1. Quick check on LEU162: is it surrounded by 13 or more Cβ atoms within 10 Å (Cβ to Cβ) and closer than 30 Å to ASN365 by Cα?
2. Looking at this structure, is ASN69 surrounded by 10 or more Cβ atoms within 10 Å (Cβ to Cβ), of a type outside the set (Lys, Arg) and modelled with pLDDT under 75?
3. Evaluate the following for GLU175: is it charged (D, E, K, R) and either in contact with a Leu (Cβ under 8 Å, 6 or more places away or on another chain) or within 30 Å of THR241 (Cβ to Cβ) (or both)?
4. Yes or no: GLU381 at pLDDT below 85, in the same structural domain as ARG290 (by TED's automatic domain parsing) and of a type in the set (Asp, Glu)?
5. If only one of THR169, THR228 is within 30 Å of GLY85 (Cα to Cα), touching a residue at least 12 places away in the same chain (Cβ under 8 Å) and surrounded by 13 or more Cβ atoms within 10 Å (Cβ to Cβ), which one is it?
6. Do you know which residues across region 301-332 are farther than 14 Å from VAL382 by Cα and free of Cβ contacts under 8 Å to residues at least 60 places away in the same chain?
7. Any residue that is under 37 Å from the mean Cα position of the chain (by Cα) and surrounded by 19 or more Cβ atoms within 10 Å (Cβ to Cβ) - is there at least one of those in region 125-139?
8. Taking the stated definitions as given, is THR183 surrounded by fewer than 19 Cβ atoms within 10 Å (Cβ to Cβ) and hydroxyl-bearing (Ser, Thr, Tyr)?
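The values are calculated or read from the model by the stated rules, or taken from the named source; none is laboratory data. These numbers were taken from a predicted model, which means no experiment stands behind them. Glycine also receives a Cβ, built like all others from the backbone with ideal geometry; neighbour counts cover every protein chain displayed.
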Amino acid sequence: MLRDMKTKLLLTTAAITMVIAAFPIQTQAQDNRSPSLIITSGPIPESLRQGVYSKPVEIREITAKEIMNDSYYDGGKSIISAQIGDLARTLGQIQSRITNITNSLNQIQRANEVRSAEYYANIATINTQLQSGTTPGNPRLVGRLDKAERSLESLSNSLSDLNGIAVNTSGAASEASYLLENTRAAYSVSGAVEEDHIKLSELEDSINNTITLIERVLNTVNDDITRTTSYLASERNNLRTLALGVSNGDLFGKSLSNRPFSNVATFNGGDTMASSSVTQSAPASLAGPRALAKIKFDRPDVDYEQPVYTAATEALKRYPDARFDLVAVSPTSGNAAEVAIETTRARRNAEKVLRTLTQLGLDTNRIDLSYNESATATSSEVHLFIK
């Protein structure tokens, strides 16, 4: 049996040899193509082994230092880097605009300070001379009065400049608010890197600081406008009274003391109040004349200005369109000469109160003048009613 197996193996080997002989292997010179199948008992080539047996494999350990160093940052720009640059440039333009506005505002303020100082210097000179005594229509005082009027006119002209600054500042505030909205919206834009959000945070804080500065400038401008407007209205009234004083050579003006009570009727109004030198009474309603203040001129130095000012101010707060009755009250005790003297004294005291109200800015067209007599009065009095 072993002999048969050897015989079969020899026959098979001979058959394979015959097949190979029938199809000889071509050399590289005959055919450049690589063989499609190589039968060998040698080891697998290393290149083939690495390609076939490559997975799975253990990766190397990544350290925290590698993430924190520059290998994570490529230094390139993200898609919103340009947008951040535009926002920063716009902020710079707004800040430059506010700087120019602030410089202009400071110049106007310094100029107004000089104008106010010149105005008060002229007014002080006039008042001092009137207090010391002077002649009617003194040309020196008239010249000072003209200078004071020009100073007030310059202050009035500065109001238009202040209003222009207020408009420009409001525009800058609107632009800054819009810029802040765009900056906050940029946080939600996709495609940003960490550095972008850091820059956005810094830009947002800068915008907020700029808005605070703009609001402060705007408040300063509005305060200047309000203060200058009130100042001009008050000083123009005072200047009119002072001009009358210069014309008559008297500190208060004789025309007011000569004319107010020349053609007035006896007062028929509310009851007067018994009180000390000056008494204030808040009006409960305006169904009829209500006593607002009662001034007793029982001594030469009655300090009535501040109480009258306070009473009139509170009344106008409650009734802005109210009118006033100013009543000169004289006592009836004594002989005819004493009564006449007290009547004249009461009217002159009422004229002082009228001048005070005028100087405080109350329009004389809103004040009705009258006189009355009182059997209970011991000295001349002036009563102020609101109606």
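1. No.
2. When the stated conditions are applied, ASN69 passes them.
3. No: the conditions fail for GLU175.
4. For GLU381, the condition - at pLDDT below 85, in the same structural domain as ARG290 (by TED's automatic domain parsing) and of a type in the set (Asp, Glu) - is not met.
5. On inspection, the qualifying residue turns out to be THR169.
6. ASP301, GLN306, TYR309, THR310, THR313, GLU314, LEU316, LYS317, ARG318, PRO320, ASP321, THR332
7. There is no residue in region 125-139 that is under 37 Å from the mean Cα position of the chain (by Cα) and surrounded by 19 or more Cβ atoms within 10 Å (Cβ to Cβ).
8. No; evaluated as a whole, the condition is false for this residue.
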